[in-house]
Structure formats: C-alpha cells, structure tokens
C-alpha cells in the first residue's frame, strides 16, 4: 500500500464486493482500484470514485461513510465538507460533469442551493464573473442551474465553488437525481415552515382576539399582560424557524453589500417582532404578534404555492437528462451477455443488447433483430419507428416489442441526446434582455422602497407614533418587487417547455421574444422544404468515362461530407471500402476538392469545379431539368454530371399556407439551381424563390429583407446555411440537418415537421402577451399598494398576503401558456 492509502493489488483486498464502496455501482470485473477505509480495502468502480474516496480518507472524513443514508450517483457522492477541498479539481472526477471547450476553456453545469429570487441570480453572476479566469456564468432562476465557463490555467473549479460559498450559497455538480432530491427537500422543508407558521398564527390569534373585542375596563392588566406573554412565546418559533430563511438571506445579501428582496421582508418582520417584545417586557406600547405570524404564514404559503408551480413548469427541462439509464446489457466474447454493465464503462464498438421496453443507451446501428422504437424525445411524435438490421438507433429511445443487438458508436456527451440536452441547458441559462432589465429595475426599486418606508415611518411618528411601526412594516412588505422579477423568466420557461414538448426545441430563450415579432420566413430548399432524401436520378458521362469509375471518384471526395448530396452519392456507390481523398478542402455552398491517388479533382457547382478543370462546362453535361445537379472534374477534363431528385415534405404546403394566414411573408433561398428551386416553389405557391445562391448570396438576400424592415426567421439544415442562420433574427434548424446548423440555431425543429412552426408563432405571441400582462400587474399592484400602505389602509398581515399572492398570480398566469400551446385549433394572432 502506498502513502495515499490506495492499493493496486486486488489480492490484498480484505473486503471484496461486487459493488463500488463509494457510489454503489457494480465494479467491472477487470477493475483493480482499491482504497483503504477504516483499515479495510474497499473496491472502486472508476478513477473518479477512487479520487473522491482518497480525498475523504486523507482529510479525516471517514465518518461520512458511517452516517450516509443512501448511495447517490458517482458525481454527487461527496460529503458537504469536501466542497472546500480540491477534490473537484481531479481530472477523473471532472469527467462526469465538466466539458472541455476550445483551448484551455472548460464548462460545467452546477446546482445552486439558496437561490430564492432573481436578485440571488444577479448576485451570483456578478460575484463569480469578476473572478480572474472565469469566462462567463449564466444562472437560471427557475431551475437553479448555473453554467460556468473558465480557463483551467487561470482558476480551478474548487476556487469557483469556494467563491459561491463565500457569499452564502452552495454549489454542486449538476445531477438529475440530486436536482430532484433537492427539489423534494425544498418542498418538504417549506411545507414544515408553513405548518409551524400556521399553527403559531392560530394560537396567537386566539390570545389576541379578546383584546380586540374587549371594551375599556373589561380585561384586567394582569390578564392583558398574560395574553401578551403567551403570544410572544408562541411567536418565537414562527420567527426563529418559519421566518429564518428571510433573515438568513437578508444577512447574506447585506454582507455582500447588496439589497436583495428579502432585506425589506426581514427588516419588517424583525422590527415588528422586536418592538412587540420590548412592549411586552416593559408593559408599554402596542404589540404586533398577530400581524407578524399572519404575515409570515401568508407569505410562506404564497411562496410555497409559487414554488410548486415553478417546479412543475421546469420539470420538463430535466426530463432529457433522465432518459439514459445507469446500466446496460453488453454482449461479450463468445456471445456471453454481461448484465448490469455501467454505462460509464462502455466503449465505442461494444455490442449491446436491448430487450422489449428497455432504453437504448447509445447511438449506433442495429446488427441483428427487428423492433419498433419510440423516439418521441427527438420527433415529438408518439408513433414508433420501425428498426431492422442496419437502421440507426439513438440513445434515450425506448425499444418496443422486439429484441435488438446494436453497436455503440457514440456514447455519453457524443450522443444526439446529449447534444440536444446541452442545447436545452444553454436555453435555460441564457437570460433575455427584458429579464436583465427587469432585474435591474427591481434592484433600484428595493433601494427606493427602503428609503420610502423610512420616510413614511418618520412622518407617521410625528402624527401617530402608535401606528408608525405598523405602517413602516406594511410599506416595506407590500411593495417588495418579487412579482416584477418573476414576471418574465417564468413565462419564458413555461413557453420553452411547452414548445419542447410539441417538437420545437428552443436552444436560446431570447428567440421566443423574437419569434413573436417575425414578419418573414425564409426557407432553404434541400432537406428543409424537401424531404432531404436525395436519390441519384441521372448520370451524364464524358467520353471514355464509365459510370462506376465516376461514382467511385465522387464518393472518395464526398466520403466525409455531411451534405445530403454526399450521402446520396455514397449510397449510390454502396461500397464501404472506398479510399477517401487526401488534402480535402470543403467550400460550403460550392463544392469539395482534394487529391485521389495523387491527382487533383473537384465536385460541386460548375463555377467552382472550373477552377480545377480549367475548361468551360460542355453543353452535353449541363443539367437542364429540375433535378439538383453537381459536376465532377479534374485538371484538363470534365468527368461527369450527377442529377439528384428529392420530394417535397408533406407538411410544407400546409405550413406555408398557415404562415401566410398569420400575416408572414415566405421566401425560398437556395443554393440549388434556379430550375430546381422554381419546381418546388411552384408546388408550394411561393412567388419569392431565389436559386443558385452561395452562402454569401443567401446572407445578402436576407440582409436586404432586414434593411427593408422585415424581422426574418431562417429555416435551414446545411453547413452552407450557417452564415444566414447567424444573421437572421430567429434561426431554425431541422433536427436531421448538419451539426453546424443545429449548433447555430435558436430553435431546432424535432421530427422535421414544418407545421410545428405555426405552433411556435402562436406560443411566442401568447408568451409575449402573458409577459406584458405580468409586467402590467406587477407594476400596477405596486402603484396601488404602496400609497394604500403608506396611508395606513393596509396592515402588515394584509401586506404579506398581497405580496405573496402577487408573485403567485404571475406564475399561474404564465402556466396558461402550457394550456394555450396544446390547443389543436389556431386562429392567427395580430403581430401588433
């Protein structure tokens, strides 16, 4: 055994187990990782668990293993004491939740505990962003998720976590199970606080009621004093337990020199309670125990209901992360089936077995068997997709009635599901301009509120000292801008979840705002308006060239291409042994050039290939039909022309008609020939159709629309669409398109059903209306409530009830988006 307590000889183990001592997952048969805990060698399933266990032992925290009540996931199996240690900087441990980016940048998703309002989001973002080496941070209030990017050479992850803790919050690596566990604990704790506050309120009101109904002389001083003392004793648990989060968060904000929304609440409750205690002990002055308990109860009740609605609205955001199970069934050497293999232990090329009703854990292709697979997480449609030998399967899909053997080709973060999940997480973390503006307004509003409450209290002190404190507390509480900060983010969260369930995956939340303003939809043709299932229809050959040799040469150039034309040519050859071209250069929208057997050649548009050939394209090869044509040549010789055909999507005609009915104009911007574009435009009754456009040409055409005042949504699928997708106010990519198009897009159209675009417009416009209603209510409530409280018309308990209900109202109003988004009928909404 070495100094660290880690053993490498499995034969020396004193307590062998088939499960990992640290996380509880099965230990691979060939694993030899051991850590000595309390004098006994314990088996570990991976280097990450080994690293964490070493840190626990080395720091004298072995009691963690005696007292833990459950076995969490490997990434989260860490005692809270280790948050201040360097275990999070261990590379093996980071593999579970840290993603490498370009250069030395890294990115991680964290759960933030202690987030109670939008002000907490602002504070964390401001505090972490100023750390040297942190490239960016976005915190989502609704999901409590933080996405952090940093440079590994300049700052460690542990330093970021310590910085979070230094301002009173806790951060953990994101894990779906842990996220749900924290949400469950939050609900349980909040319910207990509401119960204690409610019980205390009822008891205090029982003692306060006689004082309200008694006339002068009806109650002796001893009895009145006894009632006050009893009320004080019963109010202590309400203030010290139920209202504790208000004081804790307020103190945290003040230490950070920040005026959070809990500051006025804590100040109001604390002032009323202390004044009441002083009056009770001295026997002079008014007491407000009944108002304090009622205020805390009503505020906690409203916040509890708001929390339930918020968690319900954001639960869909966590669904994708739970699709992949922890274990798989692998087929080993000799056809032996290995049960319970951890997904984290799988490698590319492994052959996996999935039985009826089980989840497919990796992207790959079927090797044997047949079944139907539910891919609704990708397509939004519940109809199963038939799978046979050679069919592609996607991780997260649910197998139907058959048994499938498939090869694992993409695992973990490389799967399509992981890509989509990251895009969803990006949308959840980005904050639209209107949200940022509302948070800034709320910050200044809180400062102004404290000043106004102080002035109001001083004025009342001059005229009616007995009511000064009550009015001061009412003003503090009634106008707290919680509803203002909630108004927009909760609506956008519900809208993104509603669209995702319907098959429109929002990857950047600000796109919902922009989609509501769109006046013009521009479509690519191939793979967008058409099915994207190109087939070789015609081959024209130069003299002395055979069809087979021309196709092999074209396939060598297109071998690594993601474009639909490349896929069609490769399918036409059907020979997987093709040697790829060398020194390949891809010019998006024009073609591909490279060397095949030492000879330069090119395929693509005629003007591009002419640069290699050095000769004008002969009339005998020029395509004159409405098919899509590409040309092949080498220095001094044209070789062949390939004509490919494609069918129009069944949903295209209805989608374009509905978009027009909604008041939007429709255009086609395509790099295909004008003849091919005109053919599709005629079928779809689109009058503005431009063909033969390079990526720069598409960009210029879209820019002209924008200069004329149009708000444009671009729908595309290829690499050549990336520039124009970036320029459009809203970019929409087909799920079956290229990775570059999907990553560039604000919205991904799952299932490639164009009719869902109409749903997207409807939900976006409904969301815009809901946001405006929420903001109108939030501002209107404060405008009416502040004067009422300042003039003494609103008591403290009424203020607490009003503040809580105002926040609850904006949440419930936002939930209407989910109901409006699933209606099957749609009437165009005015763009005004």
Taking segment 655-689 and keeping residues closer than 19 Å to residue 589 by Cβ, outside any helix (DSSP H, G or I) and out of contact with any helix residue (DSSP H, G or I) (no Cβ under 6 Å at 6 or more places or on another chain) leaves 667, 673
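Tell me the residue from 339, 306 that is buried (at least 18 other Cβ atoms within 10 Å of the Cβ), outside the structural domain of residue 140 (by TED's automatic domain parsing) and at pLDDT below 75, please. Write out each step before concluding.
Details: 339 fails: buried (at least 18 other Cβ atoms within 10 Å of the Cβ).
Step by step, each of 339, 306 is checked, and only 306 is buried (at least 18 other Cβ atoms within 10 Å of the Cβ), outside the structural domain of residue 140 (by TED's automatic domain parsing) and at pLDDT below 75.
Residues 392, 425, 381: which one is closer than 30 Å to residue 504 by Cβ and at pLDDT 80 or above? Give the steps one after another, and end with the answer.
Details: 425 fails: at pLDDT 80 or above; 381 fails: at pLDDT 80 or above.
After ruling out the rest, the residue left standing is 392.
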Based on what the data block shows, is residue 677 under 23 Å from residue 537 (Cα atoms) and in contact (Cβ under 8 Å) with a residue 12 or more places away in the chain?
-> yes
All conditions in (1) modelled with pLDDT under 85; (2) assigned to a loop (DSSP other than H, G, I, E, B) are true of residue 698 except (2)
Single residue of segment 324-336 satisfying the filter (surrounded by fewer than 19 Cβ atoms within 10 Å (Cβ to Cβ) and at pLDDT below 70) that is nearest to the chain's Cα centre (by Cα) = 325
Go through 715, 758, 711 for me and flag whichever is under 19 Å from residue 652 (Cβ atoms), surrounded by fewer than 22 Cβ atoms within 10 Å (Cβ to Cβ) and modelled with pLDDT of 80 or more.
-> 758
Identify, please: which residue in segment 259-275 is buried (at least 24 other Cβ atoms within 10 Å of the Cβ) and within 14 Å of residue 232 (Cα to Cα) and is, among those, modelled with the lowest pLDDT?
-> 272
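Just name the residue that is farthest from residue 327 (Cα to Cα) out of those in segment 26-38 that are part of a loop (DSSP other than H, G, I, E, B) and at pLDDT 75 or above.
Residues of segment 26-38 part of a loop (DSSP other than H, G, I, E, B): 27-32, 38.
Pick out the ones that are also at pLDDT 75 or above and you get 27, 38.
Working: 27: 12, 38: 30 Å.
Filtering first and then ranking leaves 38.
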Return the pairs, sorted by first residue and then second, in which the second residue is assigned to a loop (DSSP other than H, G, I, E, B) and modelled with pLDDT of 90 or more, the first residue lies in segment 547-559 and is within 13 Å of residue 602 (Cα to Cα), the beta carbons are less than 9 Å apart, and the residues are 6+ apart or on different chains.
-> none
Looking at (1) in contact with a helix residue (DSSP H, G or I) (Cβ under 8 Å, 6 or more places away or on another chain); (2) at pLDDT 85 or above, which is the only condition residue 744 fails?
-> (2)
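I'd like the full set of residues that are over 15 Å from residue 649 (Cβ atoms) and surrounded by fewer than 20 Cβ atoms within 10 Å (Cβ to Cβ), limited to segment 678-690.
Residues of segment 678-690 that are over 15 Å from residue 649 (Cβ atoms), as a first pass: 678, 682, 687-690.
Those that are over 15 Å from residue 649 (Cβ atoms) and surrounded by fewer than 20 Cβ atoms within 10 Å (Cβ to Cβ): 678, 682, 687, 688, 690.
The values are calculated or read from the model by the stated rules, or taken from the named source; none is laboratory data. Computed from a prediction, not measured in an experiment: that's the story for all the values here. Here the Cβ is made from the backbone with ideal geometry for all residues, glycine too, and neighbour counts use every protein chain on show.
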